[in-house]
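Each value in this text was obtained by applying a stated rule to the coordinates, not by laboratory testing. This is a predicted model, so every value here is computed, not measured. All Cβ positions, even for glycine, are placed from backbone atoms using ideal geometry, and neighbour counts span all protein chains on display.
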Amino acid sequence: MKPVRLCHDGPVTVYLVPDEVAANLNKYCLEFCTDWLVRSPDASKDWGGDGLCYNEADFIESLNRWVFSDPPSRPVEGLESVWDDSDLPREYRSVPFFHF
């Protein structure tokens, strides 16, 4: 399990995900974004006024349910006070990042 940084128009959260996901974060996140309606009967819960709305928690839920369930991905740390890369703690500066 390796750390990644994920966010959706708000604070960044660090998650531990399988090594394969961390190494190919953009691929997995974009696949989730394009396949969410097809793979999940629960996707309709996320329809908003402007269309489908999903966030990093939805990605982690989908990852745990459909792709890598053991061990499950999980949040490690919320970075609520980080709004710029220069504010990142040193240990997270080289961690893969995706903004939904």
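Just a few scattered comments:
- Distance between the modelled labels on Ser81 and Asp9, one decimal in nanometres: 2.6 nm (7 Å Cα→Cβ projection).
- Near the amide H of Glu77, within less than 5 Å, lie the amide hydrogens of Val14, all on another chain or at least 5 residues away, with H placed in the peptide plane.
- Burial ranking of peptide ranges 20-31, 64-75, 79-90, 2-13 (average Cβ count within 10 Å, highest at the top): 2-13, 20-31, 64-75, 79-90
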